[in-house]
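Let me begin by presenting the structure, written as structure tokens, before commenting on it.
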Amino acid sequence: MSTELADSLTALAGALAEVRFPLDVDGARDGDERAGALSGQIRDYLLPRAEALDAPLLAVVGGSTGAGKSTLVNSLLGRRVSQPGVLRPTTKSPVLVCHPSDADWFRSGRVLPELTRTDVVLPGTRALQVVEAPEVPAGLALLDAPDVDSIDDGNRALARQLLLAADLWLFVTSAARYADAVPWEFLRNAGDRELVVGVVINRCPPAVLGEVARDFARLLTDEGLGDAPFFAIKEALEGEMIPGSDVAPIRRWLGWIASEAGRRSAVVKQSLRGALRSLDDDVARLHRGLAEQREAADDLRSQAEAEFSAAADRVGAIVGDGSMLRGEIIAHWHDVVGTTDLMRGLDEKVASLRSRLRRWWGAEPKAEKLQDAVSDQLARVLVDETDAACDATADAWSRTRGGRALLTDDLRSPSTDFPARAAATVRSWQQEVLALVTEQGKGKRFRARLLALGTNAAGATLMVVVFASTGGLTGAEAGIAGGTSLLAQRLLESVFGAGAVERLARESRHLLEGRVRVLLAEESARFLTRVEEISVGEHVIDDLAAAAARVREARKNL
Amino acid sequence: MITAALAELEEYVRLAILAPDLETRAKEVIEFANQRVRAGEQTVVALAGATGSGKSSLFNALSGTTLATVAARRPTTAKPLALSFSATNGPLLNLLQITRRHEAPPPTPDLADVVLLDLPDHDSTHLRHREEVDRLVRIIDQFIFVVDPQKYADAALHHRYLRPLAQHRDVISVVLNHADAATHGAPLIDDDGRWQSGLAMLVEHLRAMLQEDGLGDVPVFATSALTGEGVDELREHIATIAREKSAMRLRLAADLHNLARDLSNYGGVASTVSDADVAALQEEVAAAAGVPWMARAVRQAVQRRGAMLGARPDGTPALELPAHRVASAADDARAATAVRRFVADSTANLPERWRDHARSEISRPAGEQLGARVDAAMRDVELADLESPFGWGLVRLLKWLPVVTLAACGGWLAYEVVWGSDEFLPRLLTIAAAAFVGTVLVSILGDWSLRLGARRAEKKTARRLRAAVDAEVVRGVVTPVKAELEAHQRAESALQRMTGILARG
């Protein structure tokens, strides 16, 4: 059963290694820290403990700087193993004191595998000094940890790591400190984990010992730690030691726990169960954090998608509403109309030599110019709307911290080759329109008429019809564009018949919209890949949930 | 000094486009500084520190009162307590929002202008205490941080308070209270008049930490509130500060300095609009508005009219100006792109907020309205008077010259046939040939001058339309961009002047 627990914890550690919070949103840093602390706790404590439930207990002596942790450890043993000091913070490298029979287990590196072991004092390192002392009861080791609240960042981090790896805490504070916020965070955390904790209030001025002890006991009860064994020690050193009578109750309590395998195992299981339970909460928070990451990424993505899709819509609207039928296009159109002698009946002598000549000297070259004008003008619209979409997306992204981090200046405008690609897109569309017209003109009935008008001219005429195809033209617009498109429509109808023109226009428009969307999608991909590159994969979230569920299942058998 | 610096800061805040939180902070600093200067020159000295460091007992020892509550239970002081050694300055304490007010005779005459504050602890589980300290830390004139041998290395003290206050080192002192604990009850000062060796080591360590916090040269005292040792020195230190009457100004100067540093981080580089960029923008907008097209159309119209000159008997036909061209969506797009690029390039070196502002306040409105404005301006341009009537008269006159000559030749021929000799023929033929050549020449000349006139009309049209378009571009885009760049420059120089004033002290 404990192998199943160990396996499931290994799986969870594997899943945690994949967890990242790359987007700078609220709580991302917390998430990274939490994931790190959790993997650390699995490595340092949960896994070794699950593999060996009967291994010796690790009691960590932790607390504030200056509360007298080292003095307490020394006094408990009756000899000096840990260096106390006046200058704060003192204990920089942790000292583990255990019965000689347990030394192998603690030297083996199963618990706290990342800490280097040493047998002598190595000042200035974070190495774990293992001291064998027959005074310590077998089956229980005392670990003098660094402080939890000093200015030294390394001390605080190591203390946190050690306390997370403990089966049992001996938490030390002092009369001057017992209401400090930082140690209380730890005590609350221990309460949440249902960890076995003994609380020591050290350095009490003898005159106020009773008052302070009562007040502290009240605080403990308020925080749900009323059951924790509680020891008050007055400030009166004999040399470097606390008088033996004062530490005797603590020594007795530890001895009582260590003396019987059943009690040791109860403590181990209570702490392990509590830690596994609180792990659920941590995983749930990580899960939420990952979901927030995904939401933030989705937001960025949908902002880009919305802007570019709006740009495509705007292009669609401009193409259909007649506003293209002004300026250059209309001028060239007039040229085409002027030479084709349009209003004459097209039915007579359509394939005559004159028409062929005109094809070369008249309408066709002008129609080609019109085609050029169309591709030029349409490409300009595409460039502008894309430019606006890039600008707007960059603007939206720069309003969030996460988005700002992904943004670079080149995203604020379209890629450098975009104008060329836009022009190419329009030209391909024009080719398609010509192909459509040619296809339509294949029948016997139409070929001659189409030849008379010229394929290019017919294609250009169809584009003019497309450019006013959404209808609803009003005012001056209806005057110019409406007249133009009506003329163009009549002209095409005289070649292909009424129904066909409407279909051709619809199809052409469709083709254009499709191409525009593809083109804009390529541009928006520049934004989307930025999001993609840093997104956490779906499987990470699933793996984490699955591994946590497995641990939950395995812990039931504990 | 403070007032002058404040004026510059106000100018900066008025001009600058700041992130909302920074703007709020700047405004708060200005408002508080103004009020604090008005509230008078008393020096507010606060005892701050951790729970259990003995702030309150030190407060009592310093003031010679028993006003502050001293107890073994932690934490004790909940609300800040103010003790004035002269008549209570109501507006000042109102500004600091301190309600627990007391008055006492000054323990020494020098302290008369001092208001002594006992602050709540900053590190207890009572969040409200911390909030109160955080609030007061931002506004008190002079701090005395009280630490003790147990707590002097706490992260809560160094990370949360001392490091962020590094700029305020002129108004901070640190007191190691409960120093008797370090000497195990022995006097703090040994027989040589120096600190007892254990204490000296402790103070040395404390100093090293303060050095790391950026508070290297702040005064450090050691006291024992229990025995009263060291309290007199501390009181004398406070009295010196009060005599100099500079704590308040130093404090405000440090606040302004801090703010100025954050604001200048936000700075950006001053830049100007390049003439080449403006010219390129105008060119692009003019092209989008169809200026070259219109000019070409005018040339064609002039030429058409010239071609009709001889054909019409009823005098000079009116010049038919081309119809005004309505801009297409593509033309609008071209202008909008040009404007957006121009604004983005010109403001590229400004801070982000300024760039956003330029984008939303200049680019976007211009993109929407510039087309219509340019259009209207172009319609207003007068084009009817494009050519001189004199030119046309001359051409018309010359056109008649060969006709008149031929008519004269005809008359001469008739005269000679009826009355004349027979030697006229060669001469007549010569004249007729000359008239013919003259006709051809006149035709060529007329054509040439017509083309010349048409080209001149094209250039004139282009020039007039460009002037109208350029003016609109300047009005709608260039001027606002320049105004923004200038505002940025003025804001930055106001900030520099303020830093200069503070540096001179």
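The values are calculated or read from the model by the stated rules, or taken from the named source; none is laboratory data. Given the structure is predicted, the values throughout are model-derived calculations rather than measurements. Cβ sites come from the backbone with ideal geometry, for glycine too, and all protein chains shown count toward neighbours. In case anyone asks, the SASA skips ligands and DNA or RNA and just uses the protein heavy atoms, side chains included. Shrake-Rupley method; radii C 1.70, N 1.55, O 1.52, S 1.80 Å.
At-a-glance table
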{"item": "Efficiency of FRET from Cβ geometry, A:ALA291 and B:GLU352, R₀ 41 Å, rounded to 0.05", "result": "0.90"}
{"item": "J(HN,Hα) series, segment B:205-210, from Karplus relation 6.51 cos²θ - 1.76 cosθ + 1.60, nearest Hz, glycine and proline x", "result": "5, 4, 4, 4, 5, 5"}
{"item": "Fraction of accessible area attributable to carbon and sulfur, segment A:154-272 (%, probe 1.4 Å)", "result": "53 percent"}
{"item": "The protein assembly as shown: antiparallel DSSP beta bridges as a percent of all, rounded to 5", "result": "20 percent"}
{"item": "Cα radius of gyration and Dmax for chain B (Å)", "result": "44.7, 159"}
{"item": "Ratio Rg/Rh [Cα only; Rh per Kirkwood] for segment A:17-147", "result": "1.04"}
{"item": "Additional length obtainable on full extension of the chain from B:HIS257 to B:ARG463, 0.36 nm per residue less Cα span", "result": "68.7 nm"}
{"item": "Cα-based equivalent ellipsoid, the protein assembly as shown: semi-axes from gyration tensor eigenvalues, Å", "result": "92, 41, 19"}
{"item": "Dipole of the protein assembly as shown, positive direction: furthest Cα of A:VAL95, A:LEU219, B:VAL418, with charges on the beta-carbon", "result": "B:VAL418"}
{"item": "Computed lengthening from B:GLN35 to B:ASP134, 0.36 nm per intervening residue step minus Cα-Cα distance", "result": "33.7 nm"}
{"item": "Threshold 30 Å², segment A:156-182 residues less accessible with all protein chains present than alone (1.4 Å probe)", "result": "A:ALA176, A:ARG177, A:TYR178, A:ALA179, A:ASP180, A:ALA181"}
{"item": "Antiparallel bridges, percent of DSSP beta bridges restricted to segment B:62-172 (to nearest 5)", "result": "45 percent"}
{"item": "Spin-label pair B:TRP400/B:ASP170, simplified geometry with 7 Å Cα→Cβ offset, distance in nm", "result": "9.5 nm"}
{"item": "Derived scalar couplings ³J(HN,Hα) [segment B:128-137; Karplus, 6.51 cos²θ - 1.76 cosθ + 1.60; whole Hz; x for Gly, Pro]", "result": "4, 4, 4, 4, 5, 5, 4, 5, 6, 4"}
{"item": "Sequence of B:LEU67, B:LEU397, A:LEU504 from largest to smallest accessible area, 1.4 Å probe", "result": "B:LEU397, B:LEU67, A:LEU504"}
{"item": "Area of A:GLU292 that stays accessible when all protein chains are in place (1.4 Å probe, Å², to 10)", "result": "90 Å²"}
{"item": "3J(HN,Hα) from dihedral phi, segment A:239-252, Karplus parametrisation 6.51/-1.76/1.60, rounded to Hz, x for glycine, proline", "result": "x, 9, 10, 6, x, x, 5, 6, 8, 4, x, 5, 4, 4"}
{"item": "At least 20 Å² of accessible area lost relative to the chain alone, listed for segment B:338-386 with a 1.4 Å probe", "result": "B:ARG340, B:ARG341, B:GLU352, B:ARG355, B:ASP356, B:ARG359, B:ARG364"}
{"item": "Packing rank of A:454-467, B:239-252, where each peptide gets the mean count of other beta carbons within 10 Å, highest leading", "result": "A:454-467, B:239-252"}
{"item": "Residue-count net charge about A:HIS539 - beta-carbon cut-off 14 Å; Lys, Arg +1, Asp, Glu -1", "result": "-2"}
{"item": "Rounded to 5, the percent of DSSP beta bridges in chain A classed as antiparallel", "result": "15 percent"}
{"item": "Theoretical FRET efficiency, 1/(1+(r/R0)^6), r = Cβ-Cβ of A:ALA549 and A:ARG445, R0 56 Å, to 0.05", "result": "0.20"}
{"item": "For chain B, calculated [θ]222 nm from helices alone, where every DSSP H run of n ≥ 4 adds -39500 (n - 2.57)", "result": "-19500 deg cm²/dmol"}
{"item": "Length-normalised contact order of chain B in % [C-alpha pairs under 8 Å, at least 6 apart]", "result": "18 percent"}
{"item": "Pairwise FRET efficiency - B:GLN300 versus B:SER443, Cβ, R0 = 35 Å, nearest 0.05", "result": "0.95"}
{"item": "Computed magnitude of the charge dipole of the protein assembly as shown (debye, nearest 20; Cβ of K, R +1, Cβ of D, E -1)", "result": "3460 debye"}
{"item": "Net lengthening on full extension, B:ALA323/B:ALA19 (0.36 nm per residue, minus Cα-Cα)", "result": "104.4 nm"}
{"item": "Exposure rank, largest accessible area first [B:ARG194, B:ARG341; 1.4 Å]", "result": "B:ARG194, B:ARG341"}
{"item": "Label-point gap, in nm, between A:ARG277 and B:GLU244 - each point 7 angstrom along Cα→Cβ", "result": "5.9 nm"}
{"item": "Cα-projected label distance for B:MET201 with A:SER415, points at 7 Å along beta-carbon direction, nm", "result": "6.8 nm"}
{"item": "Cut-off under 5 Å, modelled amide H: who pairs with A:VAL172 long-range", "result": "A:GLY62, A:GLY63, A:SER64, A:VAL200"}
{"item": "Total accessible area lost when A and B pair, probe 1.4 Å, Å² to nearest 100", "result": "3900 Å²"}
{"item": "Calculated P(r) of segment B:132-236 - Cα pairs past 22 Å, %", "result": "30 percent"}
